[in-house]
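Please read the structure below before turning to the comments.
Here, each number is a calculation from the coordinates, and none is a lab measurement. No experiment lies behind these values; they were computed from the predicted model shown. Neighbour counts are summed over all protein chains in view; Cβ atoms, including those assigned to glycine, are modelled from backbone coordinates with ideal geometry.
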Amino acid sequence: MKAITANRLIDGEVVFWKSGQWIERFAEAQIFADDDVAGPAAVETAKGQSTVIVEPYLIDIVEAPGGWAPVSYRERLRALGPTNEPTHGKQAEGGASVDAIRAAAGAARSTGRVDLIRRK
């Protein structure tokens, strides 16, 4: 499974594709099957929005306990927001979608050490 991500040009926020629009929450992102040609087509459409976002691309996602999560550690960090402090960004909102991302384990250049973002 895959989702599309990019950065919003005006403020650098990580955004995700959902039915032709950019949204800020990974949990609401549109999910594409690996063999679905709509995913690459949507990336091409998104690339035409060069005044809105920069560098859209497909990311691999997997089903994690409680929901979907990006496979790679880098993309999990991007989906959770700034990691400088657990009370900042999207991770501060908590909830099932944040818990699912935190519970996801490794693969694709990932160590699976999501605990790094939970400062004790």
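Please list, in chain and number order, the residues 5+ apart from GLY67 or on another chain whose amide H is under 5 Å from its amide H, with Hs placed from the backbone.
none
What residues qualify as long-range amide H neighbours of ILE61, i.e. H under 5 Å apart, gap of 5 or more or another chain, H built at 1.01 Å from N?
LYS2, ALA3, VAL71
Please give the per residue volume of the convex hull enclosing the alpha carbon atoms of the stretch 1-99, rounded to a whole number of Å³.
Taking only Cα atoms, the stretch 1-99 has a hull volume of 89 Å³ per residue.
Tell me, what ³J(HN,Hα) does each residue in the stretch 23-35 have, in order and in whole Hz, if you take phi through Karplus 6.51 cos²θ - 1.76 cosθ + 1.60 with θ = phi - 60° and put x for Gly and Pro?
Per residue, the Karplus-derived 3J(HN,Hα) values read 10, 8, 9, 4, 4, 9, 5, 6, 9, 10, 5, 4, 9 Hz.
Using a cut-off of 13 Å between beta-carbons, work out the net charge of the residues near VAL62 (Lys and Arg +1, Asp and Glu -1, VAL62 not included).
That sum, taken over residues with Cβ under 13 Å, equals -2.
Apply the Karplus curve 6.51 cos²θ - 1.76 cosθ + 1.60, θ = phi - 60°, to the phi angles in the stretch 93-100 and return the couplings in whole Hz, x for Gly and Pro.
Taking θ as phi minus 60°, the curve returns 6, x, x, 4, 5, 5, 4, 5 Hz for the stretch 93-100.
Return the sequence-ordered ³J(HN,Hα) values of the stretch 13-22 in whole Hz as given by the Karplus equation 6.51 cos²θ - 1.76 cosθ + 1.60 applied to θ = phi - 60°, using x for Gly and Pro.
With coefficients 6.51, -1.76 and 1.60, one gets 4, 6, 10, 10, 7, 8, 6, x, 10, 9 Hz.
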